[in-house]
Protein chains: 2
Amino acid sequence: MPFTAIFLLLGLVSSANSTFTLRSPNPMRFMKEPPKLVNSYVYETHYIDVLLDHFSFADGRTFKLKYLISAKFHEPHGPVLFYTGNEGSIETFAENTGFMWEHAEELKAALVFAEHRFYGSSLPFGNETFKDVEHFGYMTAEQALADFASLIEYLQLTNENFTNAPIIALGGSYGGILAAWFRNKYPNLVAGAIAASAPVWMFPNMSSCGEFNRIVTDTFVKSGSEECRQVIATVWNSIQEVSKGPAGLQFLYRTFTLCKPLVTVQPLIDYLVDFVGLLAMVDYPYEASFVGEFPAEPVKYFCRSLNALSSADQPVDVVLRTASAVRSVTNYTKQQKCIMIDDDLPGLDVKAWDIQIAAVDALFKPFFNFTNQHAYSNGDLDPWSGFGVQRQEDVPQCHVIRIPNGAHHLDLRASNPLDPADVIDARKQELDFIKTWIREWKAT
Amino acid sequence: MPFTAIFLLLGLVSSANSTFTLRSPNPMRFMKEPPKLVNSYVYETHYIDVLLDHFSFADGRTFKLKYLISAKFHEPHGPVLFYTGNEGSIETFAENTGFMWEHAEELKAALVFAEHRFYGSSLPFGNETFKDVEHFGYMTAEQALADFASLIEYLQLTNENFTNAPIIALGGSYGGILAAWFRNKYPNLVAGAIAASAPVWMFPNMSSCGEFNRIVTDTFVKSGSEECRQVIATVWNSIQEVSKGPAGLQFLYRTFTLCKPLVTVQPLIDYLVDFVGLLAMVDYPYEASFVGEFPAEPVKYFCRSLNALSSADQPVDVVLRTASAVRSVTNYTKQQKCIMIDDDLPGLDVKAWDIQIAAVDALFKPFFNFTNQHAYSNGDLDPWSGFGVQRQEDVPQCHVIRIPNGAHHLDLRASNPLDPADVIDARKQELDFIKTWIREWKAT
């Protein structure tokens, strides 16, 4: 039973057309640039030496792991909100986790954002890190969790203010899985965990493969319209039709303003499938620059650009309007000259993630107990929610928070006047859980 | 906070004399020989290749891990009772875990006994295994658990009878810790865990250091007598007194029939402290040859040999009677010519255990959640119970079984006409838990 099977998800909304190659959604391909720092939160950047292999003592090699810290409001032995970093530079997650910044003062908490090994600048072998398996072979979730444990032990050893501090793990997406695992594996160090939009069941035999696409489709109907869904369903065949004509690939290259000419049509289709999935994932009610620059309500925005189309249109017309609609989003900030659709020049972090996913069969053990002091939140708009914990009855000892109008870990972002009421309520619940766990920790 | 601190337990019943060196109890020093096969259970011996380092994919080296299997009563997809081997040859534990053998037929279960890496014949580098840290650096509890997981996955892959089989982990002592950890870490593979006499809290800040000695003392009062306790309390000073006289060490050497002359008195005292602790630990109601050959009720037996002594006796008399009493136990089978008190020639497994204990600071993360499908049993006679789970209110989701008249994992041993009623009841409870967990596993 190969573990990779689950990642071969059917290209989303393309389910009407079975000719497309089965492949894994990879919205991270859009995160090629360092984040634009919009919030300018103030933190210090530090590095600690951690073991390359925490699970043998035959190998004493260490490397420098980055973490960010803000202790402005920290009272001695007061709480620590600890972000368990995921697949990217930790600054990205610090910038986009306003929830932690907004409650530091009230909780008298320190904030710590820990980078995940093999991402950002926590590269064990510098430029050689991805050279071969002997270098990147230490990039596993369990090693990353042990890094986080080492960091906490280091902070408690070197700074008296951290002694006996109740530590709350927080994370979104893959970082949310890590937050839940972290509380589970190191209950002596971690008082509780907020796992936002964490696809903890995205593993073989744990979820239906079609969930991702089903939710993307639902989100397009809900945030866009049924007509929008119908139009998009015609896009895939239209592109294939057009590609077969004379100079078809050249036409697609120019129409979509791609950075490089097309050799086959498949990379364009793969790109658009990921793009549509990404829009659902980041369907925030306001402008955001988390995994790219997007307008408010990007699904509605995209559908509006498509709305002149009808499903009876000719393939060429469909392609022209689709390209125009895509560009209206991708070039929303007028900064992008062309669309880079392939992985010829992926960012380092995209490469790392691809390697990590490929290794999942061998190393990732995605099973854990769902115990107390865990809260799982999921937004219904977010296609990843199909692999998340959504039903209270599945995990009677945990807290489950559903956010009907929420996109991918919207609840961890900074509050915004455009936030839907249900995300405001989710944040309130999460804050209450955190306060309870802090009290419980202090009482023991 | 050095993790090793907890192992520096005060020499037991020597608490009255603070001049003794603080050290760790090491009853395993008595287990130098392969076990005498008394039960002659029938099993097959196999080996599988497992990864040396399960937590990186940079290192592809493997070694052969031994396991024993008995599938005589196994029905297809029926339960598997899986012994999580501890610090010694797995045959020892197979021979001394009659509980599993006695219920195989009723449960229609297969029995699997998995050896712990770096013990028995599961030596990753053969004769070179303990050469240096680059060889023995992979001897950790987490790696051993991953070995067990690999073994289960292998069995399920190669033998259809193991598909979807409910697997119950069982272990005693350190193996009991592993059984509990195993269910905790791999809930997808393990349906429940019986952790017998598992000192899960024998780690810094988790238990009182004096517990071991306190319970040894209690057991000597309970199984021996208050007089016996008082006499033993005079032994330590008497030996020191005698050692200071002319030819005192020579006298002690001859009186105790040691294999090697003494250079200082401390090794003899250390040996006797461990010896007294061991008697409490193996205070079984019948003859047993688990970690040495012992008469039935060894504490009572030893105390009876001491009973002519009074605490008013001269040191030389105390030494003579003590030596006689010790020899009456150690040479109970008349096979032992002399007493080996030091670690000059320890068995390989003793060496491995010493290394593993020394590494605990760096690698062993002794914390886990106490969730359901776990049962913890402890015998009140057993000094290790001071580090075990004894109170239901500490672990509301687990099952706690106390055995007032039980020694070290007596409940896992084969039934015997001399078993106290409370151990019979404990085994019945454990069997009921196992049946419940099997039902629950099949229902999901």
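The values are calculated or read from the model by the stated rules, or taken from the named source; none is laboratory data. None of these values were measured; they are calculated from a predicted model. Glycine also receives a Cβ, built like all others from the backbone with ideal geometry; neighbour counts cover every protein chain displayed. Just so you know, the surface numbers come from the protein's heavy atoms only, side chains and all, with ligands and any DNA or RNA stripped out. Shrake-Rupley method; radii C 1.70, N 1.55, O 1.52, S 1.80 Å.
Looking at B:THR92, is it closer than 24 Å to B:LEU170 by Cβ and either at pLDDT 95 or above or within 14 Å of chain A (Cβ to nearest Cβ) (or both)?
Answer is no for this residue.
Output yes when any residue across the range A:194-211 is under 30 Å from A:SER150 (Cα atoms), out of contact with any Gly (no Cβ under 6 Å at 6 or more places or on another chain) and either modelled with pLDDT of 95 or more or among the β-branched types (Val, Ile, Thr) (or both), and no when none is.
Within the range A:194-211, one or more residues are under 30 Å from A:SER150 (Cα atoms), out of contact with any Gly (no Cβ under 6 Å at 6 or more places or on another chain) and either modelled with pLDDT of 95 or more or among the β-branched types (Val, Ile, Thr) (or both).
Please verify whether the range B:357-364 includes one or more residues that are modelled with pLDDT of 85 or more, among the hydrophobic types (A, V, I, L, M, F, W, C) and buried (at least 17 other Cβ atoms within 10 Å of the Cβ). Break it down stepwise before answering.
Initial filter on the range B:357-364 (modelled with pLDDT of 85 or more): none.
No: zero hits.
Can you tell me how many residues in the range B:377-432 are within 23 Å of B:PRO79 (Cβ to Cβ), of a type in the set (Asp, Glu) and open to solvent by 60 Å² or more (accessible area, probe 1.4 Å)?
Number satisfying all stated conditions: 2.
Taking the range A:54-83 as the search range and keeping residues that are of a type in the set (Gly, Ala, Ser) and within 14 Å of chain B (Cβ to nearest Cβ), which one is surrounded by the fewest Cβ atoms within 10 Å (Cβ to Cβ)? Explain how you work it out, then say what you get.
Initially, the range A:54-83 is screened for residues of a type in the set (Gly, Ala, Ser), giving A:56, A:58, A:60, A:70-71, A:78.
Next, from what is left, pick out any that are within 14 Å of chain B (Cβ to nearest Cβ): A:56, A:58, A:60.
On the way: A:SER56: 27, A:ALA58: 17, A:GLY60: 13.
Top of the filtered list is A:GLY60.
I need a count of the residues in the range A:403-433 that are part of a loop (DSSP other than H, G, I, E, B) and either of a type in the set (D, E, K, R) or not assigned by the TED database to the domain that holds A:ALA196 (or both). Can you show your working first?
Filtering the range A:403-433 down to residues part of a loop (DSSP other than H, G, I, E, B) leaves A:404-409, A:413-420.
Those left that are additionally either of a type in the set (D, E, K, R) or not assigned by the TED database to the domain that holds A:ALA196 (or both): A:413, A:419.
Result for the range A:403-433: 2.
Of everything in the range A:101-137, what is in a helix (DSSP H, G or I) and farther than 28 Å from A:ASP354 by Cβ? Give them in sequence order.
Passing the criteria: A:TRP101, A:GLU102, A:HIS103, A:ALA104, A:GLU105, A:GLU106, A:LEU107.
Name the single residue, out of those in the range B:84-114 being in contact with a helix residue (DSSP H, G or I) (Cβ under 6 Å, 6 or more places away or on another chain) and of a type in the set (Ser, Thr, Tyr), that is surrounded by the most Cβ atoms within 10 Å (Cβ to Cβ).
This residue is B:THR84.
Could we say that A:PRO199 is in a loop (DSSP other than H, G, I, E, B), away from chain B (no Cβ under 14 Å) and under 30 Å from A:HIS103 (Cβ atoms) here?
Yes; evaluated as a whole, the condition is true for this residue.
Pick from the range B:173-190 the residues that are surrounded by 24 or more Cβ atoms within 10 Å (Cβ to Cβ) and outside any helix (DSSP H, G or I): which of them is farthest from the other protein chains (Cβ to nearest Cβ)?
This residue is B:SER173.
Would you confirm whether or not the range A:161-168 contains a residue that is in contact with a strand residue (DSSP E or B) (Cβ under 9 Å, 6 or more places away or on another chain), open to solvent by 40 Å² or more (accessible area, probe 1.4 Å), away from every other protein chain (no Cβ under 12 Å) and not in a strand (DSSP E or B)? Give the derivation first.
Residues of the range A:161-168 that are in contact with a strand residue (DSSP E or B) (Cβ under 9 Å, 6 or more places away or on another chain), as a first pass: A:161-162, A:165-168.
Going one step further and asking which of them are open to solvent by 40 Å² or more (accessible area, probe 1.4 Å), we end up with A:161.
Of the ones still in play, those that are also away from every other protein chain (no Cβ under 12 Å) are A:161.
From what's left, not in a strand (DSSP E or B): A:161.
Yes: one or more hits.
Taking the range A:203-236 on its own, how many of its residues are of a type in the set (A, V, I, L, M) and crowded, with 22+ Cβ neighbours inside 10 Å?
Number of matching residues: 5.
Please work out if A:VAL276 is within 19 Å of A:CYS338 (Cα to Cα) and out of contact with any strand residue (DSSP E or B) (no Cβ under 9 Å at 6 or more places or on another chain).
So A:VAL276 passes the test.
I'd like to know if the range B:109-120 contains one or more residues that are within 14 Å of chain A (Cβ to nearest Cβ), of a type outside the set (S, T, N, Q) and touching a His at 6+ places or on another chain (Cβ under 6 Å). If you could, list the steps in order and put the result at the bottom.
Of the range B:109-120, the ones within 14 Å of chain A (Cβ to nearest Cβ) are B:117-118.
With of a type outside the set (S, T, N, Q) added as a condition, the list becomes B:117-118.
Remaining after also requiring touching a His at 6+ places or on another chain (Cβ under 6 Å): none.
No - not one qualifying residue is present in the range B:109-120.
Provide a single number: the residues in the range A:141-153 that are polar (S, T, N, Q) and open to solvent by less than 10 Å² (accessible area, probe 1.4 Å).
1
Regarding the range B:40-51, can at least one residue be identified that is surrounded by 21 or more Cβ atoms within 10 Å (Cβ to Cβ) and among the aromatic types (Phe, Trp, Tyr)?
no
(1) out of contact with any His (no Cβ under 8 Å at 6 or more places or on another chain); (2) of a type outside the set (Val, Ile, Thr); (3) away from chain B (no Cβ under 14 Å); (4) open to solvent by 20 Å² or more (accessible area, probe 1.4 Å): which one isn't true of A:GLN156, the others all being true?
Unmet condition: (3).
Out of B:GLY172, B:GLY176, report the one residue that is under 26 Å from B:GLY85 (Cβ atoms) and in contact with a helix residue (DSSP H, G or I) (Cβ under 6 Å, 6 or more places away or on another chain).
Just one listed residue meets the conditions, B:GLY172.
Which one is modelled with the lowest pLDDT, of the residues in the range A:368-383 that are within 21 Å of A:PHE212 (Cβ to Cβ) and out of contact with any strand residue (DSSP E or B) (no Cβ under 8 Å at 6 or more places or on another chain)?
The extreme case among them is A:PRO383.
Can you tell me which residue within the range B:39-48, out of those that are part of a strand (DSSP E or B) and in contact with a Phe, Trp or Tyr (Cβ under 7 Å, 6 or more places away or on another chain), is farthest from the other protein chains (Cβ to nearest Cβ)? Write out each step before concluding.
As a first pass, look at the range B:39-48 and keep what is part of a strand (DSSP E or B): B:44-48.
Pick out the ones that are also in contact with a Phe, Trp or Tyr (Cβ under 7 Å, 6 or more places away or on another chain) and you get B:46, B:48.
Details: B:HIS46: 22, B:ILE48: 16 Å.
The extreme case among them is B:HIS46.
Which condition number in (1) free of Cβ contacts under 8 Å to residues at least 40 places away in the same chain; (2) surrounded by fewer than 18 Cβ atoms within 10 Å (Cβ to Cβ); (3) closer than 21 Å to B:PHE182 by Cβ is the one that B:GLU440 fails?
Of (1) free of Cβ contacts under 8 Å to residues at least 40 places away in the same chain; (2) surrounded by fewer than 18 Cβ atoms within 10 Å (Cβ to Cβ); (3) closer than 21 Å to B:PHE182 by Cβ, only one is false for B:GLU440: (1).
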